[in-house]
Amino acid sequence: MTELGNRLREAREAKGLSLADVQEMTKIQKRYLNGIEEGNYDMMPGKFYVRAFIKQYAEAVGLDPEQLFEEYKSEIPSSYEDEIPQRATKVEKVRSTVPAESSKILEYLPRILVTAFVVGALFLVWFLIPKSDSNDKTVKEETVVEQPKEQENEKKVAKEKEEPKKETKKEEKVQEPAKPKQTLTALGVSGRKATYELQNAEKFEVTILSKGETWIGVTDGSGKSYYNNMLAKGQSQTFDLTGQTSAKIVVGFAPDTEIKVNGETLTYQLPAAKQVRQDVIIQAKPAEQ
């Protein structure tokens with residue numbers, strides 16, 4: 001057992017808590033909590049989870065996580081953010097190896113496009129001029145047939161009767177009210193809980209996508225559980241909550257979790273990098289008739 005693990009265990013026992021109690025408070029599996037106490041970080045789902053799990057454990061037993069990270073920084077693996085500069089350097093190296101042949105093609109590409117445009121314009125002019133001439137000749141050769149004045153008067157009267165009807169139909173179309181669009185409004189935060197309001201939605205469908213590894217819990221307003229497990233990288237789950245007035249989504253690691261409501265991406269009110277564990281509450285109001 002490491003010094004950090006012993007410190008956390010003593011704080012837990014001082015509060016009279018078991019590992020099962022801490023698991024219920026943090027939603028971290030018991031085997032990971034036991035691994036933290038024993039200093040066995042290799043069993044974690046990823047290095048970036050170590051700091052996140054230790055932080056939630058420390059908060060649950062009343063310790064300052066930042067002070068623990070400073071005191072035991074030699075025991076704790078590097079954080080997830082430390083790997084970002086190395087990845088960015090690899091991307092720059094890949095971009096710098098662009099073949100010389102492709103750069104030459106890019107130099108001549110504007111000239112090729114201009115030439116193609118000019119040729120197309122000339123062809124269009126050539127194609128339209130003969131057509132316009134033939135149309136003029138056809139119009140000139142048409143024979144004008146004079147109609148009796150009585151028939152012309154009858155047609156005018158019929159047109160005047162039809163015109164008011166058409167205007168009435170247009171007015172009726174303009175007066176039809178447009179259906180209100182769906183809105184997803186942020187109502188505020190309290191601790192790690194963020195509340196949203198869904199309005200004018202004909203359905204209530206939630207999709208959760210994992211961009212790394214994250215723990216997810218989904219329940220509706222009545223307390224019914226829909227999901228309570230880990231999501232691996234690239235995995236997603238969709239839940240049809242139509243008819244429910246609210247839903248609660250417990251996110252274990254917000255930086256790797258994307259939430260969509262009826263296809264609209266939910267924006268975290270709490271910065272995901274600072275508050276990795278979040279409780280997202282969505283209150284649904286029925287669509288206006």
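The values are calculated or read from the model by the stated rules, or taken from the named source; none is laboratory data. Predicted model, so just to flag it, every value in this text is computed and none were measured. For neighbour counting, all protein chains shown are included, and Cβ atoms are generated from backbone atoms with ideal geometry for every residue, glycine included. Note: accessible area is taken over every heavy atom of the protein model, side chains too, but ligands, DNA and RNA are not part of it. Shrake-Rupley method; radii C 1.70, N 1.55, O 1.52, S 1.80 Å.
Can you flag which of 27/193; 179/260; 15/73; 30/55 are past 18 Å Cα-Cα?
Distance filter (> 18 Å) returns 179/260; 15/73.
Please get the size of the charge dipole for segment 169-261, origin at its Cα centre, with Cβ charges of +1 on Lys and Arg and -1 on Asp and Glu, quoted in debye to the nearest 20.
In debye, rounded to 20, segment 169-261 gives about 100.
Can you list residues from other chains, or at least 5 along the same chain, whose modelled amide H is less than 5 Å from the amide H of residue 235?
210
Calculate one ³J(HN,Hα) per residue across segment 197-205 by plugging θ = phi - 60° into the Karplus curve 6.51 cos²θ - 1.76 cosθ + 1.60, and present them in order as whole Hz with x for glycine and proline.
For segment 197-205, the Karplus curve yields 10, 9, 10, 6, 9, 6, 9, 9, 10 Hz.
Going by the alpha-carbon gyration tensor, a ≥ b ≥ c the square roots of its eigenvalues, is segment 197-244 rounded (a/c under 1.5) or, if a/c is not under 1.5, prolate (a/b greater than b/c) versus oblate?
Note, shape of segment 197-244 comes out oblate.
DSSP loop GluC sites (Glu not before Pro) in segment 233-289 with at most 16 other Cβ atoms within 10 Å of their Cβ, which ones?
288
At a Förster radius of 51 Å, what calculated FRET efficiency corresponds to the Cβ-Cβ distance of residue 193 and residue 154, to the nearest 0.05?
Calculated transfer efficiency: 0.10.
If you count, for each residue, the other Cβ atoms within 10 Å and average over each peptide, how do 115-127, 269-281 line up from highest to lowest?
Answer by packing, highest mean first, reads 269-281, 115-127.
How much accessible surface does residue 1 have with a 1.4 Å probe, in Å² rounded to 10?
Surface accessible to solvent at residue 1 totals approximately 130 Å².
Modelling each spin label as a point 7 Å along the Cα-to-Cβ direction, I'd like the residue 222/residue 274 distance in nm, to one decimal.
My value for the distance between the label points is 3.9 nm.
Would you mind checking which residues have amide H under 5 Å from residue 277's amide H? H placed 1.01 Å from N; only 5 or more apart, or other chain.
254
Using a Förster distance of 35 angstrom, determine the FRET efficiency expected from the C-beta separation of residue 13 and residue 240, and round it to 0.05.
0.20
Quick one: putting +1 on the C-beta of Lys and Arg, -1 on the C-beta of Asp and Glu, what dipole do you get for segment 249-289 around its Cα centre, in Debye to the nearest 20?
120 debye
Pull up all non-local amide H partners of residue 227: gap of 5 or more, or a different chain, and H-to-H distance under 5 Å with H placed in the peptide plane.
Those lying under 5 Å, H to H, from residue 227 are 218.
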